[in-house]
Every structure is written in C-alpha cells, then in structure tokens.
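These notes concern the structure reproduced below.
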Amino acid sequence: MRVDLGHVGHRYADGPLLFHDLTASLMPGHVYALTGPSGAGKSTLLGIIAGWTTPAEGRVARQGIDSMRWIFQNPHGVAQRTAIDHVSLPLLARGLPRREAEEQARTLMDRFNLTRVADRRFAELSGGEAQRLMLARAFAAQPSLMLVDEPTAQLDMHTAATVSESLSRIARNDTIVVVSTHDPNTRDACTDIIDLKNYQ
Ligand SMILES: Nc1ncnc2c1ncn2[C@@H]1O[C@H](COP(=O)(O)OP(=O)(O)OP(=O)(O)O)[C@@H](O)[C@H]1O
C-alpha cells in the first residue's frame, strides 16, 4: 500500500504555479503533515493525493489503496445520536455483530480520549470532542488512505492541542494519513512533514 508522487506540480487554468517538482512516497504507518503558507495549495494537494484532481505536472501512482476517508475542519455528525453510535456504525457496516462493534468502538474511542463522552449525544460534544470523534469514526472504517484537512482550524488553542495529541497516536501500519495544517502543534504531532514552501 503506497502513494507515489513523481515531480508533481499544479496550477488552476491560467493561474500561477502553486507548487512544482514534488516527489514523495506516502507509506502506511506514517502521519504526514502538509504545511505551507495560506494559498500554497495544501487542500489542492490533498485532492491530488485522493485522485480527485489531476495534477498539471507529474504523476501519481496508487498501490493497494481501496478505501479513503476525508475529515474536514467542521465535524459533521448526527445531532441526536450518541458518540459511540458514530463509531459503531462503520463497524456494523463491515458486518460485525452489535456487541463486538460496540466493544471495538469503545477501544477506539479510548485511544482518542473519548471514553467519558461515549454515551453522550453528538449535539452535546465540545468542538474538540466532536473532531476527535470524526477521527475515531474514520479509523473504524479502516481506510487505506485518510485525508485530514485543517482539523484544528475552528478550535481554540487548548482544544486544538487535544486533537493534535490524538493525531500523534494514530499512526497505523495499514493506513496512510495525510493532514493539511497551519497549526505548529499539529505539525509536530505528525511523523513526517511535507512543506510546500520547498516546492514553490
Ligand atoms: N477549483 C479551483 N479553481 C481555481 N483556483 C482554485 C481552485 N481551488 C483553489 N484555487 C486557488 O488555488 C490556490 C491554492 O488553494 P488551496 O486551497 O489548495 O490552498 P491552501 O494551501 O489549502 O490554502 P489555505 O491554507 O488558505 O486553506 C488558492 O489561490 C485558491 O484560490
């Protein structure tokens, strides 16, 4: 399982070249921070990695990527459903019996420091809890590729720190994680950094 970027560059129509000559291999077990100034093309590069956008230059090769999850800066959940329901659902969808799904969901939620709020409704969660729940839910689906766009952009510093801390523990040997971020704490929580400043 891997994504190889070879001399990738992008511009929109007649716009300026956002970045160019980016060569990198993205592997499971790593959490890549995608950094760079505003407008450098971080979200664009996430779209290129996902295969939604064809790069203007270079090539992208994906091997063994059979599922993908996106997490955006605004957490979306079902207001009246409990937190644990959100994490159990992808497990039930994979065919696990309810009891087993809930057990695995609780283990996963523990990793994201959500044990205390497992039985609370989504509408009652704080911003940081909701964002960590989105990470736990995405992991429950066991995607090969997880793309996280500015996960702390809407959070205050303390809450953002709890999300960054969770990110530091999500490296998993069957998932490639890529996180676009401005937040130095989030960047430091990742295992690798791709700084678009170096490709301008
Ligand atoms: N579909 C599009 N068509 C034309 N231009 C676009 C499109 N999407 C993004 N852009 C432009 O490309 C540039 C890079 O955008 P992008 O959102 O990838 O940057 P970013 O690094 O993620 O920015 P930020 O940190 O502010 O979120 C911006 O100038 C943006 O206006």
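Multiply the residue gap between Gln104 and Gln200 by 0.36 nm, knock off their C-alpha separation, and tell me the result in nm, one decimal place.
30.2 nm
What does the helix-only formula give at 222 nm for the chain: each DSSP H stretch with n ≥ 4 adding -39500 (n - 2.57), the total divided by the residues, and the result rounded to the nearest 500 deg cm²/dmol?
Numbers: 6 runs with 65 residues, N = 200.
One gets -10000 deg cm²/dmol as the mean residue ellipticity at 222 nm.
Counting only Cα, what are the radius of gyration and maximum Cα-Cα distance Dmax of region 113-173, in Å?
Every Cα atom of region 113-173 included, Rg and Dmax give 11.6, 33 Å.
How large are Rg and Dmax for the chain when only the alpha carbon atoms are used, in Å?
17.1, 55
With a cut-off of at most 14 other beta carbons within 10 Å, and DSSP calling the residue loop, which chymotrypsin sites (Phe, Trp or Tyr not before Pro) in region 1-97 qualify? Please list them.
Qualifying residues, ordered by number: Tyr12, Trp52.
Taking R0 as 35 Å, what's the FRET efficiency between Ala56 and Thr191 from their Cβ-Cβ distance, rounded to 0.05?
After rounding, the FRET efficiency stands at 0.75.
Using only Cα atoms, what Kirkwood radius does region 78-141 have, in angstroms?
Answer for region 78-141: a Kirkwood hydrodynamic radius of 11.2 Å.
Compute the acute angle (0 to 90°) between the alpha-carbon long axis of helix 127-140 and the principal axis of greatest extent of the alpha-carbon atoms of the chain; round to the nearest 10°.
For 127-140 against the chain, the angle is about 80 degrees.
Net charge within 13 Å of Val31 by Cβ-Cβ distance, Lys/Arg positive one each and Asp/Glu negative one each, not counting Val31 itself?
0
Quick query: amide H of Val8 versus all other amide H atoms, modeled in the peptide plane; which residues come in under 5 Å with a sequence gap of 5 or more or a different chain?
Close amide H contacts, sequence-distant or interchain: Asp21, Leu22, Thr23, Arg59.
How much of the DSSP beta bridge set in the chain is antiparallel, as a percent to the nearest 5?
On the way: 13 of 30 bridges.
Taking every DSSP beta bridge with both residues in the chain, the antiparallel ones total about 45 percent.
Note down the magnitude of the dipole of the chain about its Cα centre, charges +1 on Lys and Arg C-beta and -1 on Asp and Glu C-beta and zero elsewhere, to the nearest 20 debye.
Computed charge dipole of the chain: roughly 420 debye.
What nm distance separates the two modelled labels at Ala153 and Ser38, each placed 7 Å from Cα along Cα→Cβ?
Between Ala153 and Ser38, the label points sit 1.0 nm apart.
Only the coordinates and a few stated rules stand behind these numbers; no lab work does. From a predicted model like this one, the values you see are computed outputs, not experimental measurements. With ideal geometry, Cβ positions are generated from the backbone for all residues, glycine too; neighbour counts draw on all protein chains shown.
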